[in-house]
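Just below is one structure, and these are the notes that go with it.
The values are calculated or read from the model by the stated rules, or taken from the named source; none is laboratory data. Model, not experiment: these values are computed from the prediction. Counting neighbours? That spans all protein chains shown, and the Cβs are built from the backbone with ideal geometry, glycine included. Keep in mind that these areas ignore ligands, DNA and RNA; they rest on the heavy atoms of the full protein, side chains included. Shrake-Rupley method; radii C 1.70, N 1.55, O 1.52, S 1.80 Å.
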Amino acid sequence: MKKHLYTLATTLILTAFVSCADNSLDEKPNDNNFPLQLLLDAEEGADLADAEDYSIEVKFADYLPDAALPESNITIDYTITDLEEDMADHVTIDKIIYEVEVDDCTYEREIPFTASNDGLSGTITLSRDEDLKFVPTSFEVILTLPGEDETKGSFKFELSNLKSSERVILGSPNVFEYEVLDNDAAGEWELEFNNEEEFEAFKSIFGPLNPELQGINFEDITGKVKAEFEFEEMKFEIELAEEEEITTCENGESETETENKVIEIEAEYEAEDGELSLEGSHVIVNDEGVEEDELDFIIDSEYEINEAEETITIHFLKVVDEDYFKEGEELFSNGDGVSFTFTKD
């Protein structure tokens with residue numbers, strides 16, 4: 001009898017314990033009280049010396065399309081500080097804009113702001129958009145720049161003192177630092193292939209990184225290749241002979257243009273003292289159009305700038321698969337380098 005009672009008590013205790021520890025996947029956390037965060041899209045950026053304006057994006061962090069955003073006004077203070085060299089007396093907000101898509105047409109709308117007499121501080125007011133039914137999911141602050149060929153300097157743009165009757169806070173980063181892009185490779189450059197041999201040499205370098213490029217011939221391209229070096233990122237655009245019609249609709253007006261298709265190869269880059277390193281990735285798609293892997297690549301190269309002729313010559317030395325690299329198994333390797341000369345565009 002005693003043994004029976006002991007067994008029954010133990011069973012009841014274990015049942016209670018399991019009941020208390022039931023972590024059912026059907027239960028969802030109550031996250032309605034977590035505040036939304038409004039923040040800057042990046043902490044820093046740069047552009048060419050002759051840039052006349054620069055856009056800084058402000059957005060809600062981790063915004064999902066079905067998330068509910070505030071409907072009441074939000075105000076945020078801004079300041080422009082630490083203006084160095086040519087930036088002094090030139091940097092102010094030109095306008096603040098956001099985009100709304102209505103009936104497959106994109107409309108650009110402005111956000112009001114008040115500015116101090118010197119334009120270096122003020123308040124931005126986000127209001128409910130009648131088409132969106134809430135405040136914009138993101139917006140761009142367009143700042144004016146000196147726009148001269150020899151412009152130098154930097155500045156900081158900061159958001160602060162967010163006020164809202166709803167659960168919204170100012171997240172991080174809330175400070176953006178801008179500087180002139182001090183890089184002799186920066187800008188847009190253009191190369192034109194004169195014959196099939198030159199194109200095949202280019203394919204030997206970049207074909208392993210892009211199956212679409214690997215599969216085309218000299219007659220499939222126009223011969224033009226663009227190289228764009230921006231802040232920390234660059235891309236090659238190979239222009240195809242095949243054309244396509246692109247229809248856009250902005251502010252109620254539709255326009256259709258015929259453009260050449262392009263193949264893009266994008267990478268992050270570092271260029272300093274004649275050494276150029278590119279790092280990027282390319283999605284590998286199987287014959288059924290399904291993404292099955294990703295190739296991470298590194299390109300070692302050198303470059304020379306000819307200021308008088310406004311050209312850059314890039315000597316491509318090595319291309320490796322970052323994840324599966326062994327000495328002697330490079331995707332491309334040439335000790336002397338395969339060289340291409342691009343002209344300033």
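Looking across region 82-137, not a single residue is open to solvent by less than 50 Å² (accessible area, probe 1.4 Å), more than 25 Å from C249 (Cα to Cα) and among the acidic types (D, E). Taking the listed residues D62, D89, D53, D82, the one that is in contact with a strand residue (DSSP E or B) (Cβ under 9 Å, 6 or more places away or on another chain) and at pLDDT below 95 is D62, with no other qualifying.
Does A67 fit the bill of being outside any strand (DSSP E or B), open to solvent by less than 80 Å² (accessible area, probe 1.4 Å), out of contact with any strand residue (DSSP E or B) (no Cβ under 6 Å at 6 or more places or on another chain) and modelled with pLDDT under 95? The answer is yes for A67. Elements of the type strands (runs of 3 or more DSSP E) sitting completely within region 175-286 and holding at least 3 residues that are under 23 Å from T311 (Cα atoms), among the aromatic types (F, W, Y) and open to solvent by less than 50 Å² (accessible area, probe 1.4 Å): there are none. Close contacts from region 185-214, counting a first residue that is within 27 Å of E232 (Cβ to Cβ) and touching a residue at least 12 places away in the same chain (Cβ under 8 Å) and a second that is assigned to a loop (DSSP other than H, G, I, E, B) and among the hydroxyl-bearing types (S, T, Y), with Cβ to Cβ under 9 Å and a gap of 6+ residues or different chains, come to none at all. Can you confirm whether V135 is of a type in the set (V, I, T) and touching a Pro at 6+ places or on another chain (Cβ under 6 Å)? Answer is yes for this residue.
Going through region 310-341 one residue at a time, which ones are of a type in the set (K, R) and more than 15 Å from E275 (Cα to Cα)? K326, the sole residue that qualifies. For region 302-334, give me the residue count where each residue is open to solvent by less than 80 Å² (accessible area, probe 1.4 Å) and part of a strand (DSSP E or B). So the answer is 17.
Scanning region 97-106 turns up at least one residue that is under 24 Å from K156 (Cα atoms) and under 25 Å from the mean Cα position of the chain (by Cα). For region 148-165, the set of residues classified as part of a loop (DSSP other than H, G, I, E, B) and open to solvent by 70 Å² or more (accessible area, probe 1.4 Å) consists of E148, D149, E150, K152, S165, listed by residue number.
For V58, the conditions (1) closer than 22 Å to N174 by Cα; (2) assigned to a strand (DSSP E or B); (3) open to solvent by 40 Å² or more (accessible area, probe 1.4 Å) are fulfilled apart from (3).
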